[in-house]
Amino acid sequence: MSVIISDALCTGCGLCEKVCPSHSISLQNKKAVVVKDRCLSCGHCGAVCPSGAVASSIGSKAFTIHEPAGSEVSRLIQGKRSVREFSSDAVPREILEDLVRYGEMAPSSRNTRGRKYFIAVGDRVTELEGEVIRGLNRTVRPVKPFILLLSLFCRKKAAGIKSLASLFSAMQNAYDAGGHPVLCAAPAVICIASPKSNMQGKDDCVCSEQYLMLYAESLGIASCINGFTQIAHKNAEKYFGVPKGYRIEAAVMLGYPKYQYKKWVKYETDISWKE
């Protein structure tokens, strides 16, 4: 167990259970408890808990919970969370275009500014999600018949591939049943592509993504990086019609948050100096 939850302070409101991305928290007898050994120490539970029942965590990713403090920029950064629970409200087109403009203010290698932006909203997000899930399953399909053979030489790697195959298959089933296991029913998704010839293309896209997300946070719009779309980038590129020679290197989900994260999750920081 990584997160410490105080029985005395817990009111059983259930917010921590709703925002936990690893589904590690459950209500038992109207109290929140960590029921699975899957805690990521992300701190969502502490950031959203109104009673202060989650104050810290232990282990390699220890954190403590604090009230935001300092300058306006400091508070903005302290409050930024990777949100996966969105309201159904659409993000206006003009705001999405503004986010892209601020993302493009990020530095790029040799100031080439070669990034291209692709936006999906509403039902198009659901279509994109289907393409991404199909791409994820396609990545493991060629090696699935050889998992048993691979386990004879590298048990750990075989177990990892088997776990991914199971996860991607479960995602397909959830999607077919009307769920949103990858893009979390986000009202909007922005993908950023760069020329394949640019050796620093991924850095350029990620830098833009971070600018974009922080500006979104200042407007009350939540965000979360989506690595699955990056893994299945070929399917996403085909869906968007990304020009040949470009590759999607960053993808971010956007929307107004369903729940408010009001506390600062402060992690222990490992710093080494040479003076």
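The values are calculated or read from the model by the stated rules, or taken from the named source; none is laboratory data. What you are looking at is a predicted structure, and each value in this text was computed from that prediction instead of being measured. So basically every Cβ, Gly included, is an ideal-geometry build from the backbone, and we count neighbours across all protein chains shown. All accessible areas refer to the heavy atoms of the entire protein, side chains included, with ligands and DNA or RNA removed. Shrake-Rupley method; radii C 1.70, N 1.55, O 1.52, S 1.80 Å.
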Discussion item. Check the chain for me: any Cys whose beta-carbon has no other cysteine beta-carbon within less than 4.7 Å?
Written reply: CYS10, CYS13, CYS20, CYS39, CYS42, CYS49, CYS154, CYS184, CYS191, CYS205, CYS207, CYS224
Fill in: Residue with peak Gaussian network fluctuation, the chain [Cα springs, cutoff 10 Å], from ASP89, ASP98, ASP176
ASP176
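Within the set of other residues whose C-beta is less than 12 Å from the C-beta of GLU209, count the net charge using Lys and Arg as +1 and Asp and Glu as -1. It would help to have the intermediate numbers written out before the result.
On the way: positive: ARG115, LYS202; negative: GLU104, ASP203, ASP204, GLU249.
So the environment of GLU209 carries a net charge of -2.
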Worksheet entry | Inter-label distance for LYS244 and ILE77, nm, one decimal - labels placed 7 Å from Cα along Cα-to-Cβ | 4.4 nm
Worksheet item: Cross-link partners among lysines for LYS262, C-alpha distance below 26 Å, same-chain residues fewer than 8 apart left out?
Response: LYS18, LYS30, LYS31, LYS36, LYS61, LYS80
Worksheet entry | Rg to Rh, two decimals, where the chain supplies the alpha carbon set and Rh follows Kirkwood | 0.99
Worksheet item: Which three semi-axes in whole Å describe the equivalent ellipsoid of the stretch 61-148, each the square root of 5 times a Cα gyration tensor eigenvalue, listed largest first?
Response: 32, 23, 19
Discussion item. Largest first and in whole Å, what are the equivalent-ellipsoid semi-axes of the stretch 186-232 based on the Cα gyration tensor, each being the root of 5 times an eigenvalue?
Written reply: 22, 13, 7
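Note the direction-averaged projected area, equal to a quarter of the hull surface, for the Cα convex hull of the stretch 105-203, in nm².
Values: hull surface 35.0 nm².
Averaged projected area of the stretch 105-203's Cα convex hull equals 8.7 nm².
Would you calculate a helix-derived [θ] at 222 nm for the chain, using -39,500 (n - 2.57) for each DSSP H run of n ≥ 4 and dividing by the full residue count, to the nearest 500? List each step's numbers first, then the result.
Working: 10 runs with 105 residues, N = 275.
After summing the helix terms and dividing by the residues of the chain, the value is -11500 deg cm²/dmol.
What's the magnitude of the charge dipole for the stretch 127-224 around its Cα centre, counting Lys and Arg as +1 and Asp and Glu as -1 at the beta-carbon? Answer in Debye, nearest 20. Before the final figure, lay out the partial values.
On the way: 10 positive and 8 negative charges, 173 e Å.
With only Lys, Arg, Asp and Glu charged at Cβ, the dipole is about 820 debye.
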Response to the item:
Env charge @ LYS238, Cβ radius under 13 Å, K,R +1 / D,E -1, value +2
Fill in: Ranked order, GLU67, GLU131, GLU237 - accessible area, probe 1.4 Å, largest first
GLU67, GLU131, GLU237
Response to the item:
Computed for the stretch 1-62: size of charge dipole around the Cα centre, +1 on C-beta of each Lys and Arg, -1 on C-beta of each Asp and Glu, debye to nearest 20, value 80 debye
Worksheet entry | Value of Rg to Rh for the stretch 158-206 (Rh from inverse mean 1/r over Cα pairs, i.e. Kirkwood) | 1.15
Worksheet item: Considering every Cα-Cα pair within the stretch 1-100, what fraction, in whole percent, is farther apart than 21 Å?
Response: 41 percent
